[in-house]
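Chemist: I'd like to ask some things about the structure below.
Where a number appears in this text, it was derived from the coordinates with a stated rule and is not lab data. As the structure is a computational prediction, the values presented were derived from the model and not from experiment. A quick note on method: Cβ atoms are made from the backbone with ideal geometry, for glycine too, and the neighbour counts reach across all protein chains shown.
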Amino acid sequence: MNLRTTLMAAAFLTLAGYAQNSEEKKFSPTLNVHGTVRAKYEYQTQEGEGRFEVRNARVSLDGNVVKRVAYKLEADFSDEGRMRMLDAYTRINLAKGLDFTIGQMRVPFTIDAHRSPHLQYFANRSFIAKQVGDVRDVGATLAYKFRAGIPITLQAGMFNGSGLTNQKDFWTSNVNFSAKAQLQLPAGFHLVGSVQKIRPDAHTVMLYDAGLFYEDHGLHIEAEYLRKHYEHGDFHEVNAANAFACYDIALQRKWFSKISPLLRYDYMDDHSDGRRYLNGTLDAAGKLIATDAQRSRLTGGLTFSFGIKGFQSDLRLNYEKYIYPHHATPKTSERDKIVCELMTHF
């Protein structure tokens, strides 16, 4: 029995020990319903063209069936026009601060890529969150929250590497993993570090991420750096960075509870998704190519909040200025644009 099998068996045996807990008999199951709708209009200034889009139409169910056993189901009925099943997992509380989760989920990695759509500060995600560090998969994780002078959260998990749609006949001797640590420092600072191994094709890819953010008195400042390494030098190492600031200004107005000016800079090298291509088509006989061109972007904007709290219903107005090297060919939807988005979360 290999180490992976042993760890999984031990986890399940531990869970079984809670089945007869008498406290659970007094617990009433809970059900929470949440949803997020993001609808927007974008206008590309250089092309003189615009479009309406429903970026997300998510619905999620979560709750507890017994005191120690939780669940979550989440689907997006319009993820850029596609329907996708996103989260489908169950979670067991093993001990105080210690949780075991198994199912389909976003892997514990990065700061910005781990945000749900309603918690995003800008209408469009950073390059780290969209192209470089965004991974959902099927697997199991352990999370432990404790205090060692300061609050610390540790997360680690093992995953198939099959993605969300290739599960039925997927078998592998390869183990993908991800681990993340967050330290809540004094004076409103948070330090986050994470590492992840993925294998999109025949090539192992390692990702390393570190970030720091400050949050207090309506001010949020954040900086994050990610480095992506491809096995055997099959593609050059990729650097990506994201830095932004947001400041909430309370309003005594009929329509809006606050207004938030925002400014962001993000950057990404020529980037490969880790899969092999031949003549522009996925092919095992091919090689890794740049699937996203090097670029930097400056985004400025204002967010108007309808709700008493932020991230309930926000009107996001952004302008994005892309900067490409001379040799790059921008993709159709990744050019200078004005974005007006209305996000509502319940």
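Chemist: List the aspartates and glutamates whose Cα sits under 13 Å from the Cα of Lys72, skipping any in the same chain fewer than 8 residues away.
Modeler: By straight Cα distance, Lys72 reaches Asp62, Asp87.
Chemist: Also: Give me the distance in nm between label points sitting 7 Å out from Cα along the Cα-to-Cβ direction at His236 and Phe52, one decimal.
Modeler: So the two model labels end up 4.3 nm from each other.
Chemist: Placing unit charges on C-beta atoms (Lys and Arg positive, Asp and Glu negative, everything else neutral), compute the dipole magnitude of the chain about its Cα centre in debye, rounded to 20.
Modeler: 920
Chemist: 7 Å from Cα along Cα→Cβ at both Ile323 and Ala39: what's the point-to-point distance in nm?
Modeler: Distance between label points: 3.6 nm.
Chemist: Another question, then. Can you give the extra length, in nm with one decimal, that the chain gains between Asp283 and Lys168 once fully stretched, where that is 0.36 nm per residue apart less the Cα-Cα distance?
Modeler: Values: separation 115, 0.36 × 115 = 41.40 nm, distance 2.18 nm.
Length difference between fully extended and current span is 39.2 nm.
Chemist: Cα gyration tensor of the chain, axes a ≥ b ≥ c as square roots of the eigenvalues: rounded (a/c below 1.5), prolate (a/b > b/c) or oblate?
Modeler: oblate
Chemist: While we're looking at this one, here's another question. Go through region 225-257 and name the trypsin sites (Lys or Arg not before Pro) that are in a DSSP coil and have 10 or fewer other Cβ atoms within 10 Å of their Cβ.
Modeler: Arg253, Lys254
Chemist: Hey, another quick one. Which whole-number percent is the relative contact order of the chain (Cα, under 8 Å, 6+ apart)? Numbers along the way, then the final one.
Modeler: Numbers: 850 pairs, mean separation 43.3, N = 346.
Answer for the chain is 13 percent.
Chemist: Separate question: Rounded to the nearest 500, what is the 222 nm mean residue ellipticity of the chain from helices alone, with -39500 (n - 2.57) per DSSP H run of 4+ residues and division by all residues? Each step should come with its number before you reach the end.
Modeler: Values: 1 runs with 14 residues, N = 346.
Counting only the DSSP helices, I get -1500 deg cm²/dmol.
Chemist: When Lys and Arg each count +1 and Asp and Glu each count -1, what net charge do the other residues less than 9 Å away from Leu212, Cβ to Cβ, add up to?
Modeler: Values: positive: none; negative: Glu222, Glu224.
Here the charged neighbours net out to -2.
Chemist: State, to one decimal in nm, how far the label point of Arg275 lies from the label point of Leu219, with both points 7 Å from Cα in the Cβ direction.
Modeler: Placing both labels 7 Å beyond Cα along the Cβ direction yields 4.4 nm.
Chemist: Okay, moving on. Tell me which lysines have Cα within less than 17 Å of Lys331's Cα, excluding those fewer than 8 residues away on the same chain?
Modeler: List returned: Lys130, Lys321.
Chemist: Here is a follow-up. Using only Cα atoms, locate the centre of region 263-321 and the centre of region 161-226, then give the distance between them in Å, rounded to an integer.
Modeler: 16
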